[in-house]
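Reading through the structure tokens given below for one structure.
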Amino acid sequence: MSWEAVIGLETHVELSTESKMFCGCPARFESEPNTNVCPVCLGLPGALPVPNREAINRIMRIGLALNCSITRQPVFHRKNYFYADLPKNYQISQFDLPVCVDGFLEVGGTDPGRVGIERVHQEEDTGKSTHMGGDGRISGAEYSLLDFNRSGVPLVEIVTRPDLRSAAQARAYGQELKLLVEALGVSDARLEEGSIRFDANVSVRSGPEAPLGTKVEIKNMNSFRSLERAVTYEIGRQTHLLSQEGTVVMETRHWDEEAGATRGGRVKEGSSDYRYFPDPDLVPMEIDPAWESHIRASLPELPAARRTRYEQMGVDPTMAATLVAGESGLAGLFEEAVNLGAGPSQAANWVTGEVVAALRKASINSVTETGLTGSALAELLEMIGQGKLSGSAAREVLTGVIAGEGGSGQVAAARDLIQISDTEMLAEVIEEVLAAHPDEFSRLQGGEQKLVGFLVGQVMRRTRGKADPKLAGALIAERSSAR
Amino acid sequence: MWTVFCEPWAGRVTKQTPVNLPSVSVEIDIAHVARLARLDLSEEDLDTYGRQCQELLEHVARIQAIDTTGISSTSHPLPLTNRFREDEVTTESGLGRQDVLDQAPDTEGPYFRVPPALEED
Amino acid sequence: MSIPSIVEAARALREGSITSVGLARQVLYRIAMVEAQLHAFLTVDTDGLMAGAEEADQAFAEGRDIGPLQGIPIALKDNLTTRNLETTAGSKILSGYVPPYDATVVKRLRQAGALIVGKTNLDEFAMGSSTENSAFGPTRNPWNTDRVPGGSSGGSAAAVAAGMSLGGLGSDTGGSIRQPASLCGVVGVKPTYGTVSRYGLIAFASSLDQIGPITHTVADAVLLLEVIGAPDPLDSTSYPHEMEPVGARLGRGLEGIRVGVASQLGGAEAVEPDVEAAFFQMVSAMERAGATTLEVDLPSTEQGLSAYYLIAPAECSANLARFDGVRYGLRVNGDTTEQMMSRSRADGFGPEVTRRVLLGTFALSAGYHEAFYGQAQKVRTLIREDLARAYRQCDVLVSPTSPTTAFRLGDRTDNPLAMYMSDVLTIPSNLAGHPAANIPIGLDRHDLPIGFQVMAPALEEALMFQVASAVEELAGFDTTVPFDPSHGLRGGVR
């Protein structure tokens, strides 16, 4: 039997607004525990929520970028469940009328395709629990400590349709979504800090036409690598179970990075009963077409469009993808250099190759912290094109530019790296070399072509490496054939 | 059809016969409901509350017989929409940490402290 | 020595014929005389009151006048949060809880110069119609201490009626201001939903709750409402627009006013004969004073009680979820968070609250949501439509406020349904979000006050007060509780 995995992802994105979703507490700053709190986000008796307009703007940006329709009258519901870090013991979220519905995201990678987006809804984050004692995991803990600074930070949940079929696809979707959110400027989108979090719903069935299997929710994956590993593991676990004629239990499992396995919790008695109802503390929203078009008009170029544009400029698709996925300064550098006349293919090559390598070597995180600008790069590429710099000289110039020594021409001159690519000047040196090595020259004339290399070497020695070796070789070859 | 009355008013108003809607039987798994509501009640209390809730629900459940096809629900008494705040940090409603922790039954350092959770939700 | 109305006191204070300290002493003297019998207060802030009164007198002496309530003692229902003053909502689960912030209405009262006498008793979390559901013991009716003061704002109504405060604030979810005002013979007003901020009101049912004044006179209610009613950026359900000043039409009488009497309300089966008689006498008096009266049909209001007893418990089941022993209030320890929460809540909530939380949880739960909560919200729409239709024919609606006068303590505690019937005439205004007022109009054969309810369309407070003050004048009812200094209040309990 050929088993098929069916995967859906739920992604929580913390918005990087200044204030929280329903109160004026700071949403962004790392602070001492329980200091960024007020009666509202602490759930004190009598406190009331007032929604943050900017959060709604931002979820609309996300939804429109994901090709969703905007709901005209979205509603906030109360999702009722008790948990110590949920101050009101209900979360203000959305139920049947989320802000955005029915979109899709095109995903590339080895198995490209369109992933359906079921809904994008707005909610509020919970506080943070730290489980103390035992081994730090939730089971076996002796007690928990609660910090409510994160409570009420605006959170957007993006739910896919069960369109993914492999762990690699899940990872590719996750990466593309992260790029999108970054491009929109709505979130810090840092996995390791939890500002973007992925949960996966995984089930396995006996074939593409078979009914869906029992689904298991996996949580606690805080890198793309662990997302891929966890989904791979879970598909394997379920496939193994089913091949042994066992059954998959509907449950939530946690990814254990160290063990490389998902772990089951306590099996829930039936599904949760969240008793959703419209939050009577909030009035309905009304998103008119004007508001929607205003947001639509403010959308930046999205990653997919940018990749296509780069490819149309002649950039290799892999490199285009690398540029779009890379640190934003690199793409900026590329675009600026191209605007100043650099060839797109060569510029992309340099940015994704030499520039990245040089930054890594210098342990620099962002190109924007360095002296390397688009104009310096364009100048460097122009000098290479004119034959003024050898490959190694160009790399040296780049190092100097990054170190802040000045523009490319300035660094090349200061470090004395400009090649002798003047034909007349080189011809003089060649005559001297030929005169010093008449024997080798006559053997070359006799057909021993490998002696060009030897003679070029002599030219390089005389010019202390500054001659353009290509040009020198050509001139010597020309001289030997012109009897 | 609008009857305007002259005095004396007393006794002149039409006594309405209450509309008799059929009573509806309701099954409540009161232990499950108590668990959902996080109420640790004794068997005896569960019995009493179960019976009372049953009676009340059977009374109020009569509204199920009312024809509400095409009727939208009221979730807010005034027709207000789009009440937002701007994205600004306001410190005036913020609380000092002492204010925050003062009323807590149990704390440790700057944190609230609770017994361990059974499962992550 | 009778307690002045707020309007009289405010004038006398400015004329210098009385002092705020004198007023505060008078109020504290009353408290000393009758509070032991009534138990209207959960907290009396004697020091705060006296200090505030001295400050107010100082301000008057220096010619500073910060607001219309400067130097006036006001009592607050104990579900309004007060900074640094214990606030319990009548519940064991909040016993000892000291809020770090003031409710918006409390802020506004303070800004207008009012002095806080203390926090008044209530049915736990405002759930009840007799104030017998308070975790701290019942309040008694100052007209007869064998009787309940009504509820849930029974403490505020009793305190005002007995002269232990010049005015008070209550909250009204299904009649919790008007019904106790009716039973205690004072004026009580539930304003249009959204016109008074709920920020800092410990929520019972958010879509129904509204804060309002309890006073001796209609003019006093107008004055208090002018102070507390304004848009509030902290309450997104608060009405953000200007409305006609609520007192704009006081004194215009009844000429040309069309008064609707709902057959379902005026002649409801459960209305006591004395109440019905007094009510119709007043309707006739209104006609004589120039009003047109007509009967209107409100068929859906019959189902108001049912809709209410689904919507209010559903909302309360979520609103009260925050009382979990984690951040404040009572904690009963357990081995796990869940056990700790479940024990704290079971121990902290009284029977009525527990019952409604269970009822509401069930009404919202999977499989029943549409049949109960969903249907109730639609019936609510039908009631609004009924009222809208009625208001095309008439300007205001009138009814008795409560089908009965004050009943005896313990009479209805074993029969939740009978207790719920106390609110049958007041609930429609909450469901529709409309304003409504109780005006005392007389006494029944047991010398217990009878209340008259004036209801108006949303945001028509000015019209409602115009009619209410005309009714007040027609009734000429003396709201002073009979008090014999040597025997105290009437009733069996001393």
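Kindly indicate whether C:A270 is open to solvent by 10 Å² or more (accessible area, probe 1.4 Å), part of a loop (DSSP other than H, G, I, E, B) and hydrophobic (A, V, I, L, M, F, W, C).
yes
Which one is nearest to the other protein chains (Cβ to nearest Cβ) among residues in the range C:294-324 that are crowded, with 21+ Cβ neighbours inside 10 Å and assigned to a strand (DSSP E or B)?
C:E295
Select from the range A:410-437 the residues that are open to solvent by less than 30 Å² (accessible area, probe 1.4 Å) and in contact with a Phe, Trp or Tyr (Cβ under 9 Å, 6 or more places away or on another chain) and list them in ascending order.
A:V433, A:L434
Among the residues in the range A:24-45, are any touching a Leu at 6+ places or on another chain (Cβ under 9 Å), of a type in the set (A, V, I, L, M) and open to solvent by 20 Å² or more (accessible area, probe 1.4 Å)?
There is at least one residue in the range A:24-45 that is touching a Leu at 6+ places or on another chain (Cβ under 9 Å), of a type in the set (A, V, I, L, M) and open to solvent by 20 Å² or more (accessible area, probe 1.4 Å).
Pick out the one residue from C:R380, C:R327, C:R331 that is open to solvent by less than 10 Å² (accessible area, probe 1.4 Å), facing chain B (nearest Cβ under 7 Å) and not in a helix (DSSP H, G or I).
Checking each option against the conditions leaves just C:R327.
Scan the range A:200-245 for residues that are acidic (D, E) and under 23 Å from A:I117 (Cβ atoms) and jot them down. Walk me through it before giving the result.
Keep residues of the range A:200-245 that are acidic (D, E), which gives A:209, A:217, A:228, A:234, A:245.
Residues satisfying the conditions are A:E217, A:E228, A:E234.
Does B:T68 satisfy the condition of being surrounded by fewer than 21 Cβ atoms within 10 Å (Cβ to Cβ), more than 7 Å from chain C (Cβ to nearest Cβ) and among the β-branched types (V, I, T)? It would help to see each step written out before you state the result.
On the way: surrounded by fewer than 21 Cβ atoms within 10 Å (Cβ to Cβ): yes; more than 7 Å from chain C (Cβ to nearest Cβ): no; among the β-branched types (V, I, T): yes.
No, not satisfied.
Those residues that are among the aliphatic types (A, V, I, L, M) and more than 16 Å from A:V452 (Cβ to Cβ), I need them from the range A:417-435; list them, please.
A:L417, A:I418, A:I420, A:M425, A:A435
Considering the range C:337-377 alone, what residues qualify as being at the interface with chain B (Cβ under 7 Å from one of its Cβ atoms), open to solvent by 20 Å² or more (accessible area, probe 1.4 Å) and in contact with a Lys or Arg (Cβ under 9 Å, 6 or more places away or on another chain)?
Within the range C:337-377, C:E338, C:R343, C:A346 meet the criteria.
Mind listing whichever residues of the range A:205-222 are part of a loop (DSSP other than H, G, I, E, B) and open to solvent by less than 40 Å² (accessible area, probe 1.4 Å)?
Residues satisfying the conditions are A:G207, A:A210, A:G213.
Looking at A:N36, A:N52, A:N57, can you tell me which residue is more than 23 Å from the chain's Cα centre (by Cα), under 22 Å from A:L15 (Cβ atoms) and away from chain C (no Cβ under 14 Å)?
Unique residue meeting the criteria: A:N36.
Using beta carbons and a limit of 7 Å, which pairs, at least six apart or on different chains, have the first residue in the range C:56-69 and over 14 Å from C:T19 (Cα atoms) and touching a residue at least 24 places away in the same chain (Cβ under 8 Å) and the second one in a helix (DSSP H, G or I) and of a type in the set (V, I, T)?
Once the first residue is over 14 Å from C:T19 (Cα atoms) and touching a residue at least 24 places away in the same chain (Cβ under 8 Å) and sits in the range C:56-69, its partners that are in a helix (DSSP H, G or I) and of a type in the set (V, I, T) give C:P68/C:V227.
Considering only the range A:163-183, state which residues are part of a loop (DSSP other than H, G, I, E, B) and crowded, with 20+ Cβ neighbours inside 10 Å.
If the condition is that a residue be part of a loop (DSSP other than H, G, I, E, B) and crowded, with 20+ Cβ neighbours inside 10 Å, then A:D163 is the only one that fits.
For A:L434, state whether it is hydrophobic (A, V, I, L, M, F, W, C) and in contact (Cβ under 8 Å) with a residue 24 or more places away in the chain.
yes
Can you tell which of A:V202, A:V186 is buried (at least 18 other Cβ atoms within 10 Å of the Cβ), modelled with pLDDT of 95 or more and outside any loop (DSSP other than H, G, I, E, B)?
Just one listed residue meets the conditions, A:V202.
Give me the residue from the range C:91-108 that is more than 9 Å from every other protein chain (Cβ to nearest Cβ), of a type outside the set (V, I, T) and within 25 Å of C:G329 (Cβ to Cβ) and, out of that set, surrounded by the fewest Cβ atoms within 10 Å (Cβ to Cβ).
This residue is C:S95.
Given the criteria more than 8 Å from chain B (Cβ to nearest Cβ) and either touching a residue at least 12 places away in the same chain (Cβ under 8 Å) or closer than 29 Å to B:R51 by Cα (or both), does C:V398 qualify? Don't jump to the end; show me each part of the working.
Values: more than 8 Å from chain B (Cβ to nearest Cβ): yes; either touching a residue at least 12 places away in the same chain (Cβ under 8 Å) or closer than 29 Å to B:R51 by Cα (or both): yes.
Spelling it out, C:V398 is indeed more than 8 Å from chain B (Cβ to nearest Cβ) and either touching a residue at least 12 places away in the same chain (Cβ under 8 Å) or closer than 29 Å to B:R51 by Cα (or both).
So for the range A:267-277 (the condition being of a type in the set (S, T, N, Q), modelled with pLDDT under 90 and surrounded by fewer than 18 Cβ atoms within 10 Å (Cβ to Cβ)), does at least one residue qualify?
Yes, the range A:267-277 has at least one match.
When only residues in the range C:193-241 that are modelled with pLDDT under 95 and more than 13 Å from chain A (Cβ to nearest Cβ) count, which is farthest from the chain's Cα centre (by Cα)?
Among those residues, the one meeting the criterion is C:H241.
Exactly one of (1) part of a loop (DSSP other than H, G, I, E, B); (2) over 16 Å from C:N430 (Cα atoms) is unmet by C:L208. Its number?
Here C:L208 clears every test but (2).
Within the range A:231-251, identify whether any single residue is assigned to a helix (DSSP H, G or I), open to solvent by less than 30 Å² (accessible area, probe 1.4 Å), within 21 Å of A:R165 (Cβ to Cβ) and of a type in the set (A, V, I, L, M, F, W, C), and answer yes or no.
Yes, there is a match, as at least one residue in the range A:231-251 is assigned to a helix (DSSP H, G or I), open to solvent by less than 30 Å² (accessible area, probe 1.4 Å), within 21 Å of A:R165 (Cβ to Cβ) and of a type in the set (A, V, I, L, M, F, W, C).
This table checks each residue for (1) surrounded by fewer than 22 Cβ atoms within 10 Å (Cβ to Cβ); (2) closer than 30 Å to A:H131 by Cβ; (3) in the same structural domain as A:V283 (by TED's automatic domain parsing).
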residue: A:V50; (1), (2), (3): no, no, yes
residue: A:R53; (1), (2), (3): yes, no, yes
residue: A:N67; (1), (2), (3): yes, no, yes
residue: A:Q73; (1), (2), (3): yes, no, yes
residue: A:H77; (1), (2), (3): no, yes, yes
residue: A:K88; (1), (2), (3): no, yes, yes
residue: A:S93; (1), (2), (3): yes, yes, yes
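So A:V6 clears everything in (1) surrounded by fewer than 23 Cβ atoms within 10 Å (Cβ to Cβ); (2) over 31 Å from the mean Cα position of the chain (by Cα) except one condition, right? Which one?
Only one criterion in (1) surrounded by fewer than 23 Cβ atoms within 10 Å (Cβ to Cβ); (2) over 31 Å from the mean Cα position of the chain (by Cα) is unmet by A:V6, namely (2).
Does C:L409 fit the bill of being more than 10 Å from chain B (Cβ to nearest Cβ), in contact with a Lys or Arg (Cβ under 8 Å, 6 or more places away or on another chain) and either among the aliphatic types (A, V, I, L, M) or surrounded by fewer than 22 Cβ atoms within 10 Å (Cβ to Cβ) (or both)?
Taking the combined requirement at face value, the residue satisfies it.
Which fully enclosed strands (runs of 3 or more DSSP E) of the range C:388-494 have 1 or more residues being among the aromatic types (F, W, Y) and at pLDDT 95 or above?
Hits in the range C:388-494: C:449-455.
If I go through the range A:49-103 residue by residue, how many of them are in a helix (DSSP H, G or I) and of a type in the set (V, I, T)?
Selection size over the range A:49-103: 3.
Of the residues C:V283, C:V296, which is touching a residue at least 24 places away in the same chain (Cβ under 8 Å), touching a Lys or Arg at 6+ places or on another chain (Cβ under 9 Å) and among the β-branched types (V, I, T)?
C:V296
What tally of residues in the range A:9-23 results from selecting those that are open to solvent by 10 Å² or more (accessible area, probe 1.4 Å), not in a loop (DSSP other than H, G, I, E, B) and not acidic (D, E)?
Looking only at that region, the number is 1.
The values are calculated or read from the model by the stated rules, or taken from the named source; none is laboratory data. All values reported here derive from a predicted model rather than from experimental measurement. All Cβ positions, even for glycine, are placed from backbone atoms using ideal geometry, and neighbour counts span all protein chains on display. The area values use the complete protein model at the heavy-atom level, side chains included, leaving out ligands, DNA and RNA. Shrake-Rupley method; radii C 1.70, N 1.55, O 1.52, S 1.80 Å.
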